[in-house]
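Everything below concerns the one structure shown next.
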Amino acid sequence: MGQAQQAPGARARSRTRQPRPNPTPGAGRNLPAATAVGLAMLFAVLGGLLFLPLGFVAITTTFAIFGVWEVFRALEANGTRLPIVPVMVGTVAMPFSAYFGGPESLLFAMLISSVAVLLWRSVESATGSARSIFAGVFTLAWVPFLISFAALPLHVAGGVTPIGPWPGGVVPEGAWQIVILLLLVVSNDTFGYLVGASLGKHPMAPKISPKKSWEGFAGSIAGAMLIGVLASIFLLGKPWWVGVVLAVGMVASATAGDLAESMVKRELGIKDMSSILPGHGGVMDRLDSIVFASPVAYMLFVLVSGA
């Protein structure tokens, strides 16, 4: 017997049925929700930086906690048990150590947290212990350690790091440095998306992130340079070329962070780390750029401090 024939009415309905329009063309995101959530997070972070620095550290720590929790769930679903207790303790400790104690305290907190992961796992069964310890140290280094570099410019060397508002209401240069870091990361995402969605034809890493294109990367560079030059002149009082250096460094490191997280997700077989942020996916889907950009920004600001 051949294939069953459709009734005339069914054929007519199939010919007239139109596909539903996609409300999120291009990148497949809910743009209104993504914009609202992104602006809310940006304003909360900037408010902490300019008025209550310890609040900024608390917000950064909260993001890191959610990011680590997403990594924990993703790894557990793939058969790797993360020592979540010592990892979470280290996640809370590192940003505050960076804020109050500076680079030395941050490194010490990372070391102690790694040792705690090893000791915690040593009292459990030996099955899968090597993978578990590696995953714990990797997660500590990837999320809380790298993102804690965003708190280092707020540490007042040789002085008293404030618990309340900035003394005298004067915002120090370190806070403006973090503002520029965030502006450059946001401009990287924004200009890269706009240019890539409209002009992108040549994938940058098709096996890792098929939607990321060289055209979008060029748009990120151009847009970040514009923002970087303006921010360098008007926020830091530095020469224009400082903004160019910062823009190139931020776009390169943010793109590397994005690709690194995409590689991890592809290895784990997931699209987003979670769906906690409407229009964005998971917290790690937003932190992926910042965790790589923060240490690069810290080093670049140290290098250009005398400019």
Full extension from Leu194 to Ala40: what is 0.36 nm times the residue separation minus their Cα-Cα distance, to one decimal in nm? 53.4 nm
Listed by chain and number, the lysines with an alpha carbon less than 21 angstrom from that of Lys265, same-chain partners under 8 positions apart left out, are Lys207, Lys211, Lys212
What's the local net charge at Phe292, with K and R +1, D and E -1, over the other residues with C-beta under 12 Å away? -3
Classify region 192-303: rounded, prolate or oblate, from the alpha-carbon gyration tensor (a ≥ b ≥ c, eigenvalue square roots; a/c under 1.5 rounded; otherwise prolate if a/b is larger than b/c)? prolate
How much net charge surrounds Gly306 when only the other residues with a Cβ under 15 Å from the Cβ of Gly306 are counted, with Lys and Arg +1 and Asp and Glu -1? 0
How tilted is helix 173-199 with respect to the longest principal axis of the chain? Cα atoms for both, answer in degrees (0 to 90, nearest 10). 20 degrees
Virtual spin-label span in nm between Leu230 and Trp214, 7 Å along Cα→Cβ: 2.9 nm
First compute the accessible area of the chain with a 1.4 Å probe, then give the percent of it belonging to carbon and sulfur atoms. 70 percent
Share (percent) of C-alpha pair distances in region 33-104 greater than 18 Å works out to 53 percent
Kindly express, to the nearest 10 degrees and within the range 0 to 90, the angle between helix 214-231's C-alpha long axis and the longest C-alpha principal axis of the chain. 30 degrees
Shape category assigned to region 135-258 from the gyration tensor of Cα positions, a/c cut at 1.5: oblate
Computed from the beta carbon distance with a Förster radius of 22 Å, FRET efficiency for Leu50 and Ala222 to the nearest 0.05 stands at 0.20
Val296 accessible area, 1.4 Å probe, all protein chains in place, Å² to nearest 10: 40 Å²
How tilted is helix 84-101 with respect to the longest principal axis of the chain? Cα atoms for both, answer in degrees (0 to 90, nearest 10). 50 degrees
Which of the trypsin sites (Lys or Arg not before Pro) across region 201-307 are loop residues per DSSP, with 13 or fewer other Cβ within 10 Å? Lys201, Lys207, Lys271
For the chain, what is the accessible area per residue in Å², given a 1.4 Å probe and the full set of protein chains? 51 Å²
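The values are calculated or read from the model by the stated rules, or taken from the named source; none is laboratory data. None of the values given here were measured: they were computed from a predicted structure. All Cβ positions, glycine included, derive from the backbone under ideal geometry; neighbour counts span all protein chains shown. Areas reflect the complete protein model, heavy atoms only, side chains present, ligands, DNA and RNA absent. Shrake-Rupley method; radii C 1.70, N 1.55, O 1.52, S 1.80 Å.
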